[in-house]
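Working notes for the structure below.
The values are calculated or read from the model by the stated rules, or taken from the named source; none is laboratory data. As the structure is a computational prediction, the values presented were derived from the model and not from experiment. Virtual Cβ from ideal backbone geometry, glycine too; neighbours counted across all protein chains shown. For accessibility, only protein heavy atoms count, side chains too; no ligands or nucleic acids. Shrake-Rupley method; radii C 1.70, N 1.55, O 1.52, S 1.80 Å.
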Amino acid sequence: MKFDKKVQELVDSYGDWWNHGFDIPKMTKKLYPYTHLFSPIKINSITIKNRIVMGPMGNINMCDETGRPNAKMLKYFEARAAGGVGLITSGLIPISYGIDKSLIELGDLTYFPRIDRSRTVFAGWRDLAEICHAQGAKFFIQLTPGLGRVGNPQCLITQKKFPRSASNNPSWYIPQIPCLRLSDHSLKKIVKNAGQAAADAKASNIDGVYLHGHEGYLLEQITNPAFNRRKLGRYANYEQFGIDIIKEIRKRCGAKYPIMYRIDLSLALNETYKDTMNKTKSLKKFRNGRSIEQTLKYMEHLVEAGVDIFDVDLGCYDNWWLPHPPSSMPAGCFLEIAKMVKEHFATAKIKANSGLEVPIVGVGKLGYPDLAEKSLRDNKCDMVMLARPLLADPDWPNKAYRGENEDIIPCIGCQEGCLNEFVEGGHPQCAVNPRTAFEEELSKEIPPADIKKKVAVIGAGPAGITAAEVLIKRGHTVTIFEKNKVIGGQLLAGSKAKIKYGIANYLIYLEHVVNKLKATGKLTLLLNTEAKVENIKAENFDSIIVSSGAHNNKFPIKGIDNKNVFFAVDVLINPQLVKNYNKIAVVGGGVVGTETAYMLAYEFNKQPFVIEMDKYIMNHVCTANRGHIIHYLQEKDVKLYNMTRCLEMKEHSIVVAQNIDKNVPNPYITWNPILPENVNNPLAKNPKDKYVTKELEADAIVLAMGVSPNCKLYYDLVAANAAPEINLIGDAFKSAKVHQATRAAYRKARSI
Ligand SMILES: Cc1cc2nc3c(=O)[nH]c(=O)nc-3n(C[C@H](O)[C@H](O)[C@H](O)COP(=O)(O)O)c2cc1C
Ligand code: SF4
């Protein structure tokens, strides 16, 4: 197997990145004013007003049934354009209907916007381009030749057609399903479609096209020997398909139309999985990925064919935490990759056909103005791409320009609102910005209330603070009751580990919001104050919002009250609690349990292991987020026991019942996703109940068995008629995620 030294170094550093030169980022403004970020750049015939590119994010379900961009999509992009970004890119827009069978759902529908339907859809694109232009932003459309093996294999059932790929490759979702080899004829058809889509984009006043050549999508499946093992025909040369597409676009759009190409410098599969690549059937075929050297050569040929600008990252679906770096990955994770390409192009004197240098765009958790500016000043890249940071805060560029960094809402890397929402059937949104992708419905200015009210908010977690902010903007006066001495609720424990720096920054942001609200004179924040029914009732509030969070579950298990048993949230806040213990059993393999194990292993050199009753560790968590944690837990030899129940806790051990059936899934599988529960996989093998009792050595036991809503106060307030209107939101309503809490708080508060 080939290994690229640089890729290996990077991949090896992503577990304890803080020991490998990556800083814990903050919204500081040491480098303000951001002279490099806010300088123009030329791409072929157009000039972009600054160095900020909005990263492509699938506009899934943001179009009407024909694929025409709808009001949701238009307003969503308008908000980002008005926020000051120089170049906006759309999410992936397929151009291979009829060829890539995975694009179509039952009823011949698709959730993707389309540009391949001529006049039926053009109006939406024309409007979108003009909306961006009016705000001073340029707009590129991202064209994708398709999904191939990473598309939904349900086409096998709904259309009786196999999914397709470059060669006979296993489906990413269900590896038992083969994706069949596309013919040269089909690929040539896609090349023609690319030219037509680009010509239509140009005619629609779209400023450039952007090829979706990374992450193991179909374009990369054909242009990477890991997936393209064809021996015969035009596309046995893995570079040919990409080059043909670029040439066709040039032929249709002329020399001056900008073409951008997204590429990963390496799939980083061998470097990620090492010997597992040899042992795992569904990975084995992919061992011959493009080396850095091959990728650079391919990029040179793409430039000769007509590419003007690249952005570069690492990885693919099978190590999804690379192209979709989650909360636990370092900020600026791919800057070294961009720098490498930039240096190579400079040394080899590669220029675009326009005569200009080929700008290299850096991507990957760059949403911190100092970091973004520094990456430009240090010549690591020519532009910075911000994807999720612009979901969290569309006004990021304007705020950075004005030096209002503390007002920037930081992305927390959870991928709950963005990726997971559409994976589960919705459209992209954001956990920390409830307006994102609802701009068509929720005006930016919060409308004033007709009747000004005196409102009590119980709990100063994200739901309570979001609600208080909206209520005060509506003209109400608010009193927050918080039983802790600080704000933050559940986020407090969730912000302590090094890999949770996103939450730590969000907490700083929420404190800033609270301080601003206090300065209006309309907010009273009562810390160390437990809300009691009689006190609340006596104050005659017009309205009450109960956002009193959740409490830790504790089940009646023998030994659970022993002195060596702790709650994970307490350990996260005060790791000293377990300083005298080494082997630590973490009971509960959800986010809290696994992240606690991660912190104990990586920051405190302990030997944790994780016990989880469910079939999967970190079930219902975004595949990228769980992949990173699980992979690097394995790298640190942290043992994961799924389908394992805790029976008894002792002083030096834990007694468990473990299912040892052969169909219990390998808990370390990160190269395939867990299918959503509403997807019926006829090929799934269900484990039988084959539990055996085991006693595992453990000095201490940490409980992460989930939480339950703190809703009693709400029902007591209702029973006592404590105010004319009483509402229950956040974890106190249903223990869920930040996303659900802020979304409910924002909507409810707008209606009071
Ligand atoms: C919700 C979501 C959708 C995405 N869709 C696309 C896409 O359509 N095309 C693409 O090339 N990358 C896509 N990406 C990857 C992003 O463009 C970007 O590379 C990644 O989020 C890392 O950048 P960031 O840290 O600035 O978010 C998507 C990411 C997210 C979060
Ligand atoms: S949902 Fe989470 S990861 Fe996605 S943009 Fe919002 S804060 Fe960032």
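Some notes on this structure:
- Strands (runs of 3 or more DSSP E) wholly inside the range 683-752 containing at least 1 residues that are open to solvent by 40 Å² or more (accessible area, probe 1.4 Å): 691-697, 707-709, 725-728
- Count of the range 669-678 residues, restricted to those that are touching a residue at least 12 places away in the same chain (Cβ under 8 Å) and open to solvent by 10 Å² or more (accessible area, probe 1.4 Å), is 6.
- Residues (more than 18 Å from Q142 (Cα to Cα), touching a strand residue (DSSP E or B) at 6+ places or on another chain (Cβ under 7 Å) and open to solvent by less than 10 Å² (accessible area, probe 1.4 Å)) located in the range 300-322: L314, G315, L322
- Flag for R290 being under 27 Å from the mean Cα position of the chain (by Cα), at pLDDT 95 or above and either among the acidic types (D, E) or in a loop (DSSP other than H, G, I, E, B) (or both): yes
- Sole exception among (1) in a helix (DSSP H, G or I); (2) under 20 Å from Y746 (Cβ atoms); (3) of a type outside the set (G, A, S) for E406, by number: (2)
- Scanning the range 623-646 for residues that are open to solvent by 10 Å² or more (accessible area, probe 1.4 Å) and closer than 18 Å to K583 by Cβ gives Q634, K636, D637, K639, Y641, C646.
- Per the listing Y616, Y581, the residue uniquely out of contact with any helix residue (DSSP H, G or I) (no Cβ under 9 Å at 6 or more places or on another chain), in a loop (DSSP other than H, G, I, E, B) and aromatic (F, W, Y) is Y581.
- Candidate set: the range 337-395, residues that are out of contact with any Leu (no Cβ under 9 Å at 6 or more places or on another chain), among the charged types (D, E, K, R) and outside any helix (DSSP H, G or I); chosen: the one farthest from ligand 2 (Cβ to nearest atom): K349
- The range 223-255: number of residues that are open to solvent by less than 20 Å² (accessible area, probe 1.4 Å) and free of Cβ contacts under 8 Å to residues at least 40 places away in the same chain: 0
- Every residue from the range 401-422 that is open to solvent by less than 10 Å² (accessible area, probe 1.4 Å) and either modelled with pLDDT under 95 or in contact with a His (Cβ under 7 Å, 6 or more places away or on another chain) (or both): Q415, G417
- Residue identified as more than 16 Å from ligand 1 (Cβ to nearest atom) and assigned to a strand (DSSP E or B) among V486, V470, V455: V455
Residues checked against (1) open to solvent by 40 Å² or more (accessible area, probe 1.4 Å); (2) away from ligand 2 (no atom under 16 Å from the Cβ); (3) among the small types (G, A, S):
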| position | (1), (2), (3) |
| --- | --- |
| L106 | yes, yes, no |
| V150 | no, yes, no |
| S186 | no, yes, yes |
| A197 | no, yes, yes |
| G216 | no, yes, yes |
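- Listed by first and then second residue, the pairs with beta-carbon distance under 7 Å, at least 6 apart or on different chains, first residue in the range 397-413 and over 21 Å from P325 (Cα atoms) and more than 8 Å from ligand 2 (Cβ to nearest atom), second of a type in the set (K, R) and not in a loop (DSSP other than H, G, I, E, B), are N405/K399; D407/K399.
- Sole exception among (1) of a type outside the set (A, V, I, L, M); (2) open to solvent by 50 Å² or more (accessible area, probe 1.4 Å); (3) in contact with a strand residue (DSSP E or B) (Cβ under 8 Å, 6 or more places away or on another chain) for N666, by number: (3)
- Some residue of the range 644-658 being closer than 13 Å to K615 by Cβ, assigned to a loop (DSSP other than H, G, I, E, B), out of contact with any helix residue (DSSP H, G or I) (no Cβ under 7 Å at 6 or more places or on another chain) and modelled with pLDDT of 95 or more: no
- For the range 385-431, filtered to residues that are among the β-branched types (V, I, T) and within 13 Å of ligand 1 (Cβ to nearest atom), the residue that is nearest to Y261 (Cα to Cα) is V423.
- Contacts under 7 angstrom Cβ, first residue in the range 623-648 being over 16 Å from I669 (Cβ atoms), partner among the hydroxyl-bearing types (S, T, Y), 6 or more apart: K636/Y602; L647/T693
- Screening L696 against (1) over 19 Å from I557 (Cα atoms); (2) modelled with pLDDT of 95 or more leaves a single unmet condition, (1).
- Test: residue in the range 77-85 that is in contact with a Ser or Thr (Cβ under 9 Å, 6 or more places away or on another chain), of a type in the set (V, I, T) and touching a residue at least 12 places away in the same chain (Cβ under 8 Å): no
- The residue list E336, E373 contains one member that is touching a residue at least 24 places away in the same chain (Cβ under 8 Å), open to solvent by less than 10 Å² (accessible area, probe 1.4 Å) and within 16 Å of ligand 1 (Cβ to nearest atom), which is E373.
- Residue match in the range 161-177 (condition: in contact with a Lys or Arg (Cβ under 7 Å, 6 or more places away or on another chain), open to solvent by less than 50 Å² (accessible area, probe 1.4 Å) and part of a helix (DSSP H, G or I)): no
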